[in-house]
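What follows is a single structure, written as structure tokens, with notes after it.
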Amino acid sequence: IIYYLDLQKAAIPRRTASYGQEAGGLTIIPKEEKEKKFPKAIELERITGYINTDNIRVADLIGKKVILVDFWTYSCINCQRTTPYLNAWYERYKNDGLEIIGVHTPEFDFEKIYDNVKKAVENAKIKYPVVLDSDYATWYAYSNHYWPHKFLIDIDGYIVYDHIGEGAYEETEKKIQELLRERMYVLGEKGEILKGMASPEGVIT
């Protein structure tokens, strides 16, 4: 089951980038080509609270990080099942340039309460930044309809991949790895991005 609210008809096109032929096994798509293919990153709007951060903006991360924006709400069982994977990705790739932003958009009134969300974040062992989207401003900005819904933003600030609901964990992690390799190439950094899949703990079945 995927929980959703049909709040807005317009939706961001679901597109994925294709990498793997140039620059050491990595295809680098020029910015002018990306502009034709992908939506630009969307800023967080009217955030009502911050957890694991004092403040965070998408604009401040573009050109520096690969960004995973995850829409969730803590009582959603589908979100609870995906959280261990997000935790594992953050632990594995945060030093390689991945930033995860959990956008907590509540389904119920009790999920708007800051202390309730903070306790849920602690219980889920979430270490990445979480922002409270209690007014649905960021939800609307992304034309979102679903919990959970992940958006991946590349080094150049384009939404090049998204996934709705549970599953596709291997596909999503491979895309993270590709985007981190692209980031490393663009920034002229040295090193290796781990291959294979992370091993999440506490998966709910």
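As a test of reading the structure, rank ASP156, ASP115 by solvent-accessible area (1.4 Å probe, protein chains only), most first.
Numbers: ASP156 35, ASP115 110 Å².
These residues rank, largest area first, as ASP115, ASP156.
Sorting ASP96, ASP162 by accessible area (1.4 Å probe), largest first, what list results? Write out the running numbers ahead of the final one.
On the way: ASP96 40, ASP162 10 Å².
The ordering from most to least exposed comes out as ASP96, ASP162.
For the pair LYS64 and GLU201, how long in nm is the line joining their label points, each one 7 Å along Cα→Cβ?
With each label placed 7 Å out from Cα toward Cβ, I get 2.9 nm.
Using only the Cα atoms of the chain, what semi-axes does the equivalent ellipsoid have when each is the square root of 5 times a gyration tensor eigenvalue? Give whole Å, largest first.
Details: eigenvalues 145, 71, 49 Å².
They are 27, 19, 16 Å, listed from largest to smallest.
For the chain, modelled as a GNM with alpha-carbon contacts under 10 angstrom, which of ASN144, ASN87, ASN123 fluctuates the most?
Highest fluctuation of the listed residues: ASN123.
For HIS145, what accessible area in Å² do you get when you roll a 1.4 Å probe over the heavy atoms of the protein chains, rounding to the nearest 10?
Solvent-accessible area, nearest 10 Å²: 20 Å².
Taking the solvent-accessible surface of protein heavy atoms with a 1.4 Å probe, what is the per residue accessible area of the chain in Å²?
Numbers: 10090 Å² over 205 residues.
Heavy-atom accessible area per residue stands at 49 Å².
Mind counting lysine pairs for me in the stretch 57-157? Cα separation below 20 Å, and the two need to be 8 or more apart along the chain or on different chains.
Close lysine pairs found across the stretch 57-157: 15.
Provide the per-residue ³J(HN,Hα) series for the stretch 110-121, in order, calculated from phi with Karplus coefficients 6.51, -1.76, 1.60 and θ = phi - 60°, each as a whole number of Hz, with x at glycine and proline positions.
Working through the residues one at a time gives 5, 7, 8, 7, 4, 4, 5, 5, 4, 5, 5, 4 Hz.
Which whole-percent values make up P(r) of the stretch 108-171 when all C-alpha to C-alpha distances are grouped in 5 Å steps starting at zero?
Distribution as computed: 4, 13, 18, 24, 24, 12, 5, 0 percent.
Ranked by accessible surface with a 1.4 Å probe, highest first, in what order do LYS125, LYS175 come?
Details: LYS125 145, LYS175 20 Å².
Output order, biggest surface exposure first: LYS125, LYS175.
PHE108 accessible area, nearest 10 Å², 1.4 Å probe?
Result for PHE108: roughly 90 Å² accessible.
For the chain, modelled as a GNM with alpha-carbon contacts under 10 angstrom, which of ALA124, ALA168, ALA141 fluctuates the most?
In the Gaussian network model the winner is ALA168.
The values are calculated or read from the model by the stated rules, or taken from the named source; none is laboratory data. None of these values were measured; they are calculated from a predicted model. Backbone-built Cβ (ideal geometry, glycine too); neighbour counts: all protein chains shown. We work out accessible area using only protein heavy atoms, side chains counted, and drop any ligands, DNA or RNA first. Shrake-Rupley method; radii C 1.70, N 1.55, O 1.52, S 1.80 Å.
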